[in-house]
Amino acid sequence: MNQYQIQPAAPKAHIFDVKLTIPAPDPTGQRLALPAWIPGSYMIRDFARNIVTLNASCKGEALAAVKTDKQTWQCAPCLGELEIRYQVYAWDLSVRSAHLDITHGYFNGTSVFLRVLGQETAPCEIAIQPPKGEEFSEWRVATTLARKQAEQLGFGLYQADSYDELIDHPVEMGSFTLAGFELNGTPHEIAITGRHNCDMERLCRDLQKICATHVEMFGELPQMERYLFQVMAVGDGYGGLEHRSSTSLICKRGDLPQPGVEAVTDGYRQFLGLCSHEYFHLWNVKRIRPEMFKSADLSCEAHSRLLWAFEGITSYYDDLALVRSGLIEADSYLELLGQSITRVMRGSGRCKQTVQESSFDAWTKFYKQDENAPNAIVSYYTKGALIALVLDLTIRRETADRNSLDDVMRALWSKYGRPDLGVGEADVEALAAEVTGLDLTTFFDVALRSVEDLPIEELLGTVGIGYELRPAADSKDKGGLKPTDSKPSKPKPDLGVVHRADAAGVKVVSVHDTGIALEAGLSAGDVLIALDGIKATSDTLDQMVARQRIGGSLEVYAFRRDELMRFEVVMKPAEPNTCCLWCMPVPAADLKRCQQRWMWKE
């Protein structure tokens, strides 16, 4: 049994000390490696770059450990127990890596635990030690690693059945707030680190409803002793990463529910959607998972064309569960759905890249986006969610509501998830056809392997939902619900850029390849300083452009690098790429029933 020992040795310097003891190393010379990526986040991150020092010894004598590539070490042959001591720099405040300071410590195993090559299936022991110093005396440990000789929430000895198990249970340590609830006999805990004023009672009550909604759909919880929501509350941040019996989350502290506030604010709704998304991954990704990921080589990319299903379908159900659980009303859900449609429609990348291509190229395109991303790629998360919506409504329509995407997900769980079988590249499509009895070949060819727009308007109409695309009112308009004043507005121009405030003016972040700014020659990185001789600011830019006459021109002065340039922008109407949805006032009885079944409101 290989033994790891980890201690936050220098919180002020953000250093973890790690010791790895290998009782039976390879007699020809043990090789060690640190993963280059973490499951659930599809980008090479080269965690080994954070190893500061590494030393090997055998029977108290120093042993050579030579680095053979960016993440692998070759130890000299030795007879007897091999000991590796190394330091890890931890200053990445994210859900993917490791972070340590005087307020808390957090790590994923992929960032701190070397893999003993050839012994990946061997069981492991992990001694988690506290930092030294009276100021850390109140620190506790929140993790779903199995305890061996440790008190609940305590430092001490933990264990894992294999290296894969070892790296699938992140660890949070510090003075966190803890609360919990029980679901189907399984304890669920929420540990919040960082300054906050969260209404923990309400958060537990709301999360229990969301989790119960997912469990009811799948029919059961996966086998696990308990589940943990690890939450880092910060001033500005958002993100989550799924694990086998936990999730790590980062959120704005203001997005947490506040005592005395009964409304579901936009921020709280977003946080609940994030929790819902990661919890759904308990089934979809962590157990129903692509064959490629089941035995993935963590030293290099693992390409799959299925991320549209594993992240896209999850992105569909995350917000749907909020309305199904009764935490938000139908209008609130439609606002979220309308915003998702808007995000897809505003990127011309949807006309160039299919979702299967987006899935395959996640490593080099989606996770490495640049200023041209909206013009070159489509999100397998967002468009994948819309494909799931269209598939769900198609199945419901063609089977007269006898079947739905819910049935397909339950079948995936039964056939692939529960027995832990990898899902092949064509298996989701085949199982959907088998479960529903429908010929879905054309549907999948169009949705997955073409760049045609999806028939969203038509299918939403089958459940009594109105659909409209209109020009954006301004750069802050995210779409969503139809305004109460739905009178047609006069066509207004739009530059077709994403911008942000800059000390010198307005910085162009990206330029849409169908917009008038690109036609005039403006580029990402340009800093706009004046429009028709008037100073440009981020707050006034949209209004200054909107006041222009269609067909007229606008004189724009901008700095490109250190050169002042002049552009003449010819005004054209803004594209209708902002989606509004609404429940039809008096839908037919059969449409109303379909709508209710879809949202589980019966």
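Structure data summary
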| read-out | value |
| --- | --- |
| Check on Ser523, in a loop (DSSP other than H, G, I, E, B) and at pLDDT 95 or above | yes |
| Tally of residues being over 17 Å from Thr442 (Cα atoms), assigned to a helix (DSSP H, G or I), over 20 Å from the mean Cα position of the chain (by Cα) and touching a residue at least 60 places away in the same chain (Cβ under 8 Å) across the range 358-395 | 1 |
| Strands (runs of 3 or more DSSP E) within the range 526-602 that include 2 or more residues among the β-branched types (Val, Ile, Thr) and touching a strand residue (DSSP E or B) at 6+ places or on another chain (Cβ under 9 Å) | 527-531, 563-570 |
| The one condition in (1) farther than 30 Å from Ala233 by Cα; (2) of a type in the set (S, T, N, Q); (3) surrounded by fewer than 17 Cβ atoms within 10 Å (Cβ to Cβ) that Thr103 fails to fulfil | (1) |
| Scan of the range 135-144 for residues that are closer than 14 Å to Glu172 by Cα and part of a loop (DSSP other than H, G, I, E, B), ordered by number | Glu138, Trp139, Thr143, Thr144 |
| Gly118 vs. criteria modelled with pLDDT under 95 and either touching a strand residue (DSSP E or B) at 6+ places or on another chain (Cβ under 6 Å) or not in a helix (DSSP H, G or I) (or both) | no |
| Whichever residue in the range 559-600 is among the acidic types (Asp, Glu) and over 30 Å from Lys490 (Cβ atoms) and, among such residues, is farthest from the chain's Cα centre (by Cα) | Glu563 |
| Condition met for Gln5 (at pLDDT 95 or above, closer than 22 Å to His243 by Cα and among the polar types (S, T, N, Q)) | yes |
| Residue ID - surrounded by the most Cβ atoms within 10 Å (Cβ to Cβ), chosen from residues in the range 565-602 that are without any contact (Cβ under 8 Å) to a residue 12 or more places away in the chain and not small (Gly, Ala, Ser) | Gln596 |
| Matching residues in the range 145-162 - criterion: being buried (at least 21 other Cβ atoms within 10 Å of the Cβ) and assigned to a loop (DSSP other than H, G, I, E, B) | Leu145 |
| Residue check for Ser538: buried (at least 20 other Cβ atoms within 10 Å of the Cβ), out of contact with any Leu (no Cβ under 7 Å at 6 or more places or on another chain) and of a type in the set (Ser, Thr, Tyr) | no |
| Every residue from the range 178-215 that is charged (D, E, K, R), in contact (Cβ under 8 Å) with a residue 12 or more places away in the chain and over 17 Å from Arg324 (Cβ atoms) | Glu189, Arg195, Asp199, Glu201, Arg202 |
| Scope the range 85-141; condition more than 15 Å from Ile6 (Cβ to Cβ), in contact with a Leu (Cβ under 7 Å, 6 or more places away or on another chain) and hydrophobic (A, V, I, L, M, F, W, C); matching residues | Val95, Val116, Leu117 |
| Residue that is nearest to Ala426 (Cα to Cα), among those in the range 249-262 that are surrounded by fewer than 20 Cβ atoms within 10 Å (Cβ to Cβ) and modelled with pLDDT of 95 or more | Lys252 |
| Residues located in the range 191-207, provided they are farther than 16 Å from Gly267 by Cβ and either buried (at least 19 other Cβ atoms within 10 Å of the Cβ) or under 21 Å from the mean Cα position of the chain (by Cα) (or both) | Ala191, Thr193 |
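Results for (1) in the same structural domain as Leu306 (by TED's automatic domain parsing); (2) closer than 24 Å to Pro131 by Cβ; (3) out of contact with any Ser or Thr (no Cβ under 9 Å at 6 or more places or on another chain); (4) assigned to a strand (DSSP E or B), shown as yes or no for each residue.
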{"residue": "Ala9", "(1), (2), (3), (4)": "no, yes, yes, yes"}
{"residue": "Lys12", "(1), (2), (3), (4)": "no, yes, yes, no"}
{"residue": "Thr21", "(1), (2), (3), (4)": "no, yes, yes, yes"}
{"residue": "Asp26", "(1), (2), (3), (4)": "no, no, yes, no"}
{"residue": "Leu54", "(1), (2), (3), (4)": "no, yes, yes, yes"}
{"residue": "Thr68", "(1), (2), (3), (4)": "no, no, yes, yes"}
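Matching residues to (1) of a type in the set (S, T, N, Q); (2) touching a Cys at 6+ places or on another chain (Cβ under 6 Å); (3) touching a residue at least 40 places away in the same chain (Cβ under 8 Å):
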position: Arg410; (1), (2), (3): no, no, yes
position: Gly417; (1), (2), (3): no, no, yes
position: Gly424; (1), (2), (3): no, no, yes
position: Val428; (1), (2), (3): no, no, yes
position: Phe444; (1), (2), (3): no, no, no
position: Leu448; (1), (2), (3): no, no, yes
position: Val451; (1), (2), (3): no, yes, yes
position: Leu454; (1), (2), (3): no, no, yes
position: Glu458; (1), (2), (3): no, no, no
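The values are calculated or read from the model by the stated rules, or taken from the named source; none is laboratory data. In this text the structure is predicted, and so the values were computed from the model without any measurement. Glycine also receives a Cβ, built like all others from the backbone with ideal geometry; neighbour counts cover every protein chain displayed.
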